[in-house]
Ligand code: SF4
């Protein structure tokens, strides 16, 4: 495996390797990656493996290889203390709204730790409960981050982590951060992972479900009902009676096709459950036609909304949902998409 990885790093391409637990897969990709001298990005399925690589395998390789190299462990923003939010919450006494016991026990711990930590990674506070509400108030968050405008930007833990990673030979992330970053890259703003010529996906069997979470589109009968309700709420307000009639016709068609499709899908699921069969695209193959009809009805509704918008701008959310819903169903109809939980 190490020889195959070394060859792919040198010549380019992809290698897929599978081996049992404890057989040394991590070393088999880390050694050729480090010896190549190129920056390598390693993504794991779990934080545990991320930490094992960083705290155990990397130091062991530093001793064994006799070649100096640097490594950075990167986690999602919410793992890091936001110095700006923490300062503001302290100044505004925002912690008063939290339970007394939570404030009394954890606030002094975070306060003390914030003065000496070099990483700001909450993993250093092993006694902090995973779902502590107070942490959500003070952790870094993409939505509230001020970026370069922030007065603490210079000593911000997320900034420091990014800088360390940009200068490191080995960058270790997890699949969640990898996918979140790839999503941000699509909008060319806010990515945290530095560009690396080599990517190693460890625990690759977990990547599909994480990627589906970030890039998939979930469809359900409830979402379609919401869409129809929102459109109908707008009918009759600012449109001509001919537009209203067209829209009612389009929403009725969507409702009927949605009922047909989702009840057929429910039946298919029940039958699959009874026969204890595994769901595959084949399980639902008889219903792709119904899916295509629903996609057509959604496109019809979209076209009606777009035409009406020439006169009056319809609800923006509806305009965006209709084409997304249409294309999601079309993918299912062609059997290309991963059908995860079709009835939501
Ligand atoms: S730059 Fe963003 S994450 Fe960093 S301290 Fe400022 S607001 Fe918090």
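What follows draws every value from the coordinates through simple rules; no lab data is involved. In this text, all values refer to a predicted model and were calculated from it rather than measured experimentally. As a convention, Cβ positions derive from the backbone with ideal geometry for all residues, glycine included, and neighbour counts pool all protein chains shown.
Numerical summary
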| read-out | value |
| --- | --- |
| R0 of 22 Å, Cβ-Cβ distance residue 286-residue 212: FRET efficiency to nearest 0.05 | 0.40 |
| Inter-site label distance for residue 124 and residue 241 at 7 Å from Cα along Cβ, in nm | 7.2 |
| Computed over segment 1-152, Cα set: Rg, Dmax in Å | 20.2, 60 |
| Computed lengthening from residue 226 to residue 205, 0.36 nm per intervening residue step minus Cα-Cα distance | 4.1 nm |
| Compactness of segment 78-155, expressed as Rg and Dmax over alpha-carbon positions, Å | 12.1, 36 |
| Linear extension gain, residue 109 paired with residue 7, 0.36 nm per residue minus alpha-carbon span | 31.8 nm |
| Label-to-label distance, nm, for residues given as residue 307 and residue 56 (7 Å Cα→Cβ offset) | 6.5 |
| Highest to lowest packing among 97-107, 154-164, scored as the average C-beta count within 10 Å | 154-164, 97-107 |
| Peptides 145-151, 129-135, 260-266 ordered by average Cβ neighbours within 10 Å, highest first | 260-266, 129-135, 145-151 |
| Span from the segment 155-227 Cα centroid across to the segment 1-44 one, whole angstrom | 21 |
| Among 225-232, 9-16, 287-294, 173-180, the order from most to least packed when residues are scored by Cβ within 10 Å on average | 173-180, 287-294, 225-232, 9-16 |
